[in-house]
Structures are given as C-alpha cells and as structure tokens.
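Right, one structure below, let's go through it.
Each value in this text was obtained by applying a stated rule to the coordinates, not by laboratory testing. All of these numbers come straight from a predicted model, not from anything done at the bench. All Cβ positions, glycine included, derive from the backbone under ideal geometry; neighbour counts span all protein chains shown.
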Amino acid sequence: MASYAAKPKAKHVVYIGLDGWGSYSMPKANMPTVKSLMETGCYTMQKRTVLPSSSAVNWASMFMGAGPEVHGYTEWGSRTPELPSRVIVKNNIFPTIFQIYRDANPKAEIGVLSEWAGIQFLVDTLSTDYHAVAPDYNKFPTALCEMAEKYIKENKPSLVAICFDNPDHVGHKEGHDTPAYYSKLEELDGYIARHYNQVSDFGKFMDPLADKCLVMAALCWFVEEGAFAAWVLAIVLLREFAVSGMRLVAVEKGRVIAAGWSGKVKTASTMVCICLILLGIPQVLNYVCQGIILVTTVYSGVEYFAKNADVFKEVK
C-alpha cells in the first residue's frame, strides 16, 4: 500500500481495449498509430488470454490484475462471479484498477466507456465518476469514439478506459485473420489516433498553463517580500496573459500552439532564477536573475506573437 503515496508518473492515462485483437495480426495489420506507440513505448506479444477465453473473464482479468481462479468470473457474460472472489475490499467486487486508483486519488476524474454493456459489471462503477455504453456499433460505428472524445475534452480524466467490441465481432462473423478483420483493425487504429491526438493536444495546452501558475505564485510572493521588482512582475504578467489569450483564440479555431524553443528557455531559466532567489543570493545576483527573467520573457513573447500572428487574421 506504500505505493499509494508515490507521485504519479503520468497525468492522464487512457486505457484502450480492442476485444478479440490477436497479436498474430500485427505484422500484417495496417495500424500506423499503434505501431508508432509501440516504437516509442513498451509492449509485449507474449501474453495470452486466460481460460476460458471469453469476454467477461478476460476483461475482468485485465481490470483486476488476477486470473479467474482468483476473481471468480468464469463465463462469457458474467455479471457477478460464479466462484467466490478471493478478495473483496469494498463495493462488493474484487479490486479493480479503478477502485485502487480512486483510493489513491479520491478527487481524480475516472471514466469508463464501452460498446459492450457487460463491461459495466466488471469495472466497479462505484469507483468511477462516469460510465457509459455506446449505441449499437453496427448502426453507429463511430459513436464510442465520439463519446470518448467529448468526455476527454470536457472532463480531462486522470484515468479513462475506452473498450471497443471489435475486432471480435467481425472475427466471429467474417473470420479472424481475414481481410474484413484487418479492415476493422485499420478502422480502429484511426479511432486510437483520434484519442491519442486529443490527449496530446490537451497536454500541449495545459502543461504550459500549469507552469505559468507556479511561476506567477512564486514571483508574487517575491514582490511581497521585497525580493523582486513589481514592474518586472507586471511585464511578466502582461506577457503571460497575452500569450494565454492567443492560445485560447487558437483553440477556438481548432489549432493548438505548442511551446516554442525560446519559451522553453524562458521557463527553464525562470525556474532556475526562482530557485536561486529562494536561496537568498546577494542583491547583485538577484538583479542578474531579474534581468534574465525580463529578457527571456520579452523575447519569447515577441517571438511567439511574430510566429503565430496569422491566428488573428480571421478574428473579427
């Protein structure tokens, strides 16, 4: 339980599951997004399904981190365990990743969206803030993807699971390792790309904003203590408000502007200077730090507006 106190290594975790997706398909599958994530991350092709190899049993095993002999779910459509669960901590269900994360982060936004209604009986919905089942994917194939995009955009979840019922459905109907199966995998890769891009865009927008809040709080405190010039702080505030305003305008137009090189230098140098001022450096060095903050702030702000001036061309 000591790990509960550990600092999260990721601000947002998006769990995407594809029912009936076999690792054998990867060499032939046209899934550029998934393969790109594999190249830059960690993966294994050696894992196998638990037995019996059916939906509820395996979804439960992934969410619970245990096999059916421990969690007790043994049938395709299990809603409750057929065998007594070896462990029940709360909510009358074997511990899931959602329950454990809720205990570790009580205020975290946690969601689960799926195409198969059976998922809701395996995730411990009492530990989530939101759970939803998409309409029939045969009639509305993009519904789950669109629901997930909306949820991520509006709620910025710390943990969200998006569970697709394919390619399993196509595999049963048309056959696994068939052209129809690979066509569905290509379609699903497109949905994964949409989720990945959305999370990336959110990070590009929110991460610099979090840095700004931290810096502004420190500089305001320095001014209060007489360790920082108020007029320099005013210029820094003006720059940050102006840049944040431009970013909001860009977002409204469907464009996300990531931090530039000069902006990163400004942030890094400002953080270093703040740390030095906190240590109580001599006044001369304090002035040097204020000068560095001022110069990098003004330069990066001017460069930012110069490179992205076209954002305002269509604004009336």
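When only Cα pairs under 8 Å and 6 or more residues apart are kept, what is the percent relative contact order across the chain?
Details: 365 pairs, mean separation 52.0, N = 316.
Rounded, it is 16 percent for the chain.
The angle between the Cα long axis of helix 283-307 and the longest principal axis of the Cα atoms of the chain comes to about 60 degrees, rounded to the nearest 10. Largest mean-square fluctuation among 291, 118, 77, in a Gaussian network model of the chain whose springs join Cα atoms under 10 Å apart, belongs to 291. By the beta carbon rule, with partners counted only under 4.7 Å, the chain holds these lone Cys residues: 42, 145, 163, 213, 220, 275. Global size of segment 51-202: 16.1, 45 Å for Rg and Dmax (C-alpha atoms, Rg to one decimal, Dmax whole). Considering only 181, 130, 281, and ranking their Cα positions along the charge dipole of the chain that arises from unit charges at the beta-carbon of Lys, Arg, Asp and Glu, the one farthest toward the positive end is 281. Sorted fewest first by neighbouring Cβ atoms within 10 angstrom, 216, 45, 31 come out as 45, 216, 31.
Each principal axis of the Cα cloud of segment 103-193 was evaluated for its coordinate range; sorted largest first, these ranges are 45, 25, 23 Å. The protection proxy used here, the mean number of other Cβ atoms lying within 10 Å of each residue, ranks peptides 52-60, 275-283 as follows, highest first: 52-60, 275-283.
Quick check: from the Cα gyration tensor, does segment 1-85 come out rounded (a/c under 1.5), prolate or oblate? Verdict is oblate for segment 1-85. If you average 1/r over all unlike Cα pairs in segment 64-110 and invert the result, what Kirkwood radius do you get in angstrom? Mean inverse Cα-Cα distance, inverted, gives 11.5 Å.
Projecting the Cα atoms of 12, 49, 221 onto the charge dipole of the chain (Cβ charges, centred on the Cα centre) puts 221 farthest toward the positive pole. Evaluated with a Cβ-only charge set (Lys, Arg +1; Asp, Glu -1), segment 64-181 carries a dipole of roughly 420 debye about its Cα centre, given to the nearest 20.
Quick one: Kirkwood hydrodynamic radius for the chain, alpha-carbon pairs, angstrom, one decimal? Numbers along the way, then the final one.
On the way: mean 1/r = 0.0435 Å⁻¹.
Hydrodynamic radius (Kirkwood, Cα pairs) of the chain is 23.0 Å.
Loop-resident trypsin sites (Lys or Arg not before Pro) (DSSP state other than H, G, I, E or B) in segment 27-71 with no more than 11 further Cβ atoms inside 10 Å of their Cβ: 28, 47, 48.
Normalised by the number of residues in segment 1-123, the average gap of Cα pairs under 8 Å and 6 or more apart makes the relative contact order 19 percent. State, to one decimal in nm, how far the label point of residue 295 lies from the label point of residue 237, with both points 7 Å from Cα in the Cβ direction. The two pseudo-label positions are separated by 2.5 nm.
Work through the residues other than residue 141 whose Cβ is under 12 Å from its Cβ and net out their charges, Lys, Arg +1 and Asp, Glu -1. Before the final figure, lay out each step's value.
On the way: positive: 139, 184; negative: 115, 136, 146, 165, 187.
Within the 12 Å Cβ shell, the charges total -3.
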